[in-house]
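S.K.: Before anything else, here's the structure in question.
The values are calculated or read from the model by the stated rules, or taken from the named source; none is laboratory data. Note that the structure is a prediction, hence the values are computed from the model and not measured. Using ideal geometry, Cβ is built from the backbone for each residue, glycine included, and neighbour counts are taken over all protein chains shown. Side chains are part of the model used for accessible areas, which takes the heavy atoms of the whole protein and leaves out ligands, DNA and RNA. Shrake-Rupley method; radii C 1.70, N 1.55, O 1.52, S 1.80 Å.
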Amino acid sequence: MAHAPNMPSPIAIPGVSKIVAIGSGKGGVGKTTVAVNLAIALSRLGQRVGLIDADIYGPNVPLMMGSAQQPAVGPGNIIIPNLTHGIKTISIGYISPGDKPLVMRGPMLHQIIRQFLQQVDWGELDYLIIDLPPGTGDVVISLVQTVPLTGAVVVSTPSDVSLQDARKALEMFAQVNVPVLGIVEKQYNLPFLGSVELIPSIREGGDRGLPVTLAGPKSPQATAFYDIAEKLMLQAEAAAAAASDVIEIS
Ligand SMILES: Nc1ncnc2c1ncn2[C@@H]1O[C@H](COP(=O)(O)OP(=O)(O)OP(=O)(O)O)[C@@H](O)[C@H]1O
Ligand SMILES: [Mg+2]
């Protein structure tokens, strides 16, 4: 990846093999639902998984994972992530819960994202999944300046507006040299990584902190997420291998 001279170079997180961001051009299309269910599906498929809620202004991961406890802080100010449904998870919602909106400047946001990546005891992970906030690319820029991303998954609904915004998201990831590993559409039978039906039990699972994937790959509502997880693993392995090839040649 080419870097402007004043841009810090990203540094891998020791022990963390692949980092995958879940984004979209538009808000409310199901990013967090996909991130949470993908994390659980990957974990149930035998992967060691961490989950970062990078939505600092509107963290939804605590609700959807059904976890709220304040993370412990270990020696050297290392944050111990919450372990929920087998997933190591961090969210600003664990640290600053409540309904008060957080008002902060850009540098602070960057600082929090860096902390979540570098000052959390992630241990050994096959996948670190990052649930991105809606809207601008601020968080994505903080991410790519801090760590090498294996790739991104773009979530969209089949509406024209959402697809148009998804194209914007694709362009944004292209600009920062992050390979897009696939698209997830919240619609019946539309492929790429896969599509997820709009069904009440998926929303209810999120609202209760018990994502549908907890019922295992054979559960009808969960199958789509497991299929997406399997396809994502293939894409992420390929992207990680391609990235290490690049390093070997240069
Ligand atoms: N497949 C689905 N079937 C039914 N409801 C869904 C599905 N996917 C997501 N939802 C619901 O749609 C709403 C928005 O989903 P979610 O919070 O995952 O979107 P988001 O893209 O993360 O939103 P934001 O941009 O605000 O972060 C939630 O109430 C969620 O439960
Ligand atoms: Mg969200």
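S.K.: Looking at (1) surrounded by fewer than 14 Cβ atoms within 10 Å (Cβ to Cβ); (2) in a loop (DSSP other than H, G, I, E, B), which is the only condition ALA242 fails?
M.R.: (2)
S.K.: Follow-up question, since we're still on this one. From GLN164, GLN118, which residue is polar (S, T, N, Q), farther than 30 Å from LEU210 by Cβ and modelled with pLDDT under 90?
M.R.: The conditions single out GLN164.
S.K.: Also, quick follow-up: Filter the range 148-181 for residues that are out of contact with any strand residue (DSSP E or B) (no Cβ under 6 Å at 6 or more places or on another chain) and open to solvent by less than 10 Å² (accessible area, probe 1.4 Å) and give the result.
M.R.: Within the range 148-181, none qualify.
S.K.: Of the residues in the range 61-77, how many are open to solvent by 10 Å² or more (accessible area, probe 1.4 Å) and closer than 30 Å to ARG167 by Cβ?
M.R.: The number of residues fulfilling the criteria is 2.
S.K.: Here's something else I'd like to know. State whether the residues of the range 47-60 include one that is outside any strand (DSSP E or B) and more than 12 Å from ligand 2 (Cβ to nearest atom).
M.R.: Checked the range 47-60: at least one residue is outside any strand (DSSP E or B) and more than 12 Å from ligand 2 (Cβ to nearest atom).
S.K.: Let me ask something else. Checking GLY135 against (1) at negative phi; (2) modelled with pLDDT under 95, which test does it fail?
M.R.: GLY135 satisfies all of (1) at negative phi; (2) modelled with pLDDT under 95 except (1).
S.K.: May I pose another question? May I ask you to list pairs of residues, at least six apart or on different chains, whose Cβ atoms are under 9 Å apart, with the first in the range 201-218 being farther than 10 Å from VAL36 by Cβ and among the β-branched types (Val, Ile, Thr) and the second being open to solvent by 20 Å² or more (accessible area, probe 1.4 Å) and within 16 Å of ligand 2 (Cβ to nearest atom)?
M.R.: Close Cβ pairs (under 9 Å, with a partner that is open to solvent by 20 Å² or more (accessible area, probe 1.4 Å) and within 16 Å of ligand 2 (Cβ to nearest atom)) amount to ILE202/THR33.
S.K.: What number of residues within the range 24-42 are at pLDDT 95 or above and either open to solvent by 30 Å² or more (accessible area, probe 1.4 Å) or part of a strand (DSSP E or B) (or both)?
M.R.: Going through the range 24-42 one residue at a time, the tally reaches 1.
S.K.: Now a separate question. List, please: which pairs have Cβ atoms under 6 Å, are six or more places apart or on different chains, and start with a residue in the range 55-84 that is without any contact (Cβ under 8 Å) to a residue 24 or more places away in the chain and of a type in the set (A, V, I, L, M, F, W, C) and end with one that is away from ligand 1 (no atom under 13 Å from the Cβ) and not in a loop (DSSP other than H, G, I, E, B)?
M.R.: Once the first residue is without any contact (Cβ under 8 Å) to a residue 24 or more places away in the chain and of a type in the set (A, V, I, L, M, F, W, C) and sits in the range 55-84, its partners that are away from ligand 1 (no atom under 13 Å from the Cβ) and not in a loop (DSSP other than H, G, I, E, B) give VAL73/ILE79.
S.K.: Something else: From the list LEU128, LEU149, LEU117, LEU109, pick out the single residue that is in contact with a Phe, Trp or Tyr (Cβ under 7 Å, 6 or more places away or on another chain) and of a type in the set (A, V, I, L, M, F, W, C).
M.R.: LEU128
S.K.: Sort out which residues of the range 43-60 are near ligand 1 (Cβ under 7 Å from one of its atoms) and surrounded by fewer than 22 Cβ atoms within 10 Å (Cβ to Cβ), and write them in order of number.
M.R.: Selection gives GLY58, ASN60.
S.K.: Consider ILE80 carefully, then state whether it is more than 19 Å from ASP207 (Cα to Cα), in contact with a strand residue (DSSP E or B) (Cβ under 6 Å, 6 or more places away or on another chain) and either surrounded by 14 or more Cβ atoms within 10 Å (Cβ to Cβ) or at pLDDT 95 or above (or both).
M.R.: Considered against the rule, which asks whether it is more than 19 Å from ASP207 (Cα to Cα), in contact with a strand residue (DSSP E or B) (Cβ under 6 Å, 6 or more places away or on another chain) and either surrounded by 14 or more Cβ atoms within 10 Å (Cβ to Cβ) or at pLDDT 95 or above (or both), ILE80 comes out as no.
S.K.: Of all residues in the range 117-147 being within 16 Å of ligand 2 (Cβ to nearest atom) and of a type in the set (Val, Ile, Thr), which is most open to solvent (accessible area, probe 1.4 Å)?
M.R.: THR136
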